[in-house]
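Single-structure report; data block below.
The values are calculated or read from the model by the stated rules, or taken from the named source; none is laboratory data. All values reported here derive from a predicted model rather than from experimental measurement. Positions of Cβ are backbone-derived with ideal geometry, glycine not excepted, and every protein chain shown enters the neighbour counts.
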Amino acid sequence: MQVLRRAITFIGLDTAKSVLFFMPWWYGSGRGKIQKALLSAAKDLIRNLNLGTLRKYLFAPMYGYTDFASRAISIVVRIVQFVVLSFAAFVYMLFLVLVLIAWLLFPIFILYNIAFQIGIIQFNFYEILWG
């Protein structure tokens, strides 16, 4: 009986501690970890798309052809490629920012839903969003 009481006390205290320290972790070191992971993903994308190398050789002729037509074609092709890849990188980074915003708003969303379902909050946010 003593072991069961100690186990229940330990589980209760551990659960209370976890609940109490969840929000500081979520907005503190947890936010830092997710920011670091998202920044690493953005750097990996830019490295994998070779945007730095493409920018460096933007006006260099392709395949070593130096006549006017080859230079004109290579400049146009590389500019279009640079613009398209830069746009793709921008969209991906915008997605990463939205992931970070969702990470920050998730606990607030959960707490609002719990408070609304219990009846602490009477304001229905969903009626405003979806009519």
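Pull out all pairs, ordered by first then second residue, where Cβ-Cβ is under 8 Å, the residues are six or more apart or on different chains, the first lies in region 52-74 and is within 21 Å of Ser86 (Cα to Cα), and the second is surrounded by 10 or more Cβ atoms within 10 Å (Cβ to Cβ) and of a type in the set (S, T, N, Q).
Sorted first by the residue in region 52-74, then by its partner, the pairs are Leu54/Gln81; Ala60/Ser74; Pro61/Ser70; Pro61/Ser74; Met62/Ser70; Met62/Ser74.
Would region 51-72 turn up any residue that is modelled with pLDDT of 85 or more, under 30 Å from Phe125 (Cβ atoms) and of a type outside the set (D, E, K, R)?
Within region 51-72 (the criterion being modelled with pLDDT of 85 or more, under 30 Å from Phe125 (Cβ atoms) and of a type outside the set (D, E, K, R)), the answer is no, since none of the residues qualifies.
Output the residues belonging to region 53-67 that are surrounded by 10 or more Cβ atoms within 10 Å (Cβ to Cβ) and assigned to a helix (DSSP H, G or I).
If the condition is that a residue be surrounded by 10 or more Cβ atoms within 10 Å (Cβ to Cβ) and assigned to a helix (DSSP H, G or I), then Thr53, Leu54, Arg55, Lys56, Met62 are the ones that fit.
Under the condition of being closer than 27 Å to Thr53 by Cβ and surrounded by fewer than 11 Cβ atoms within 10 Å (Cβ to Cβ), which residue from region 85-111 is farthest from the chain's Cα centre (by Cα)?
In this case the residue turns out to be Phe87.
If I ask for residues that are over 12 Å from the mean Cα position of the chain (by Cα) and hydrophobic (A, V, I, L, M, F, W, C), which ones from region 16-47 would you list?
Within region 16-47, Ala16, Val19, Leu20, Phe21, Phe22, Met23, Trp25, Trp26, Leu45, Ile46 qualify.
Out of Ser70, Ser40, which single residue is among the polar types (S, T, N, Q), assigned to a helix (DSSP H, G or I) and farther than 30 Å from Ile110 by Cβ?
Ser70
Find the residue count for region 112-125, including only residues that are touching a helix residue (DSSP H, G or I) at 6+ places or on another chain (Cβ under 9 Å) and either among the polar types (S, T, N, Q) or surrounded by 11 or more Cβ atoms within 10 Å (Cβ to Cβ) (or both).
Count: 6.
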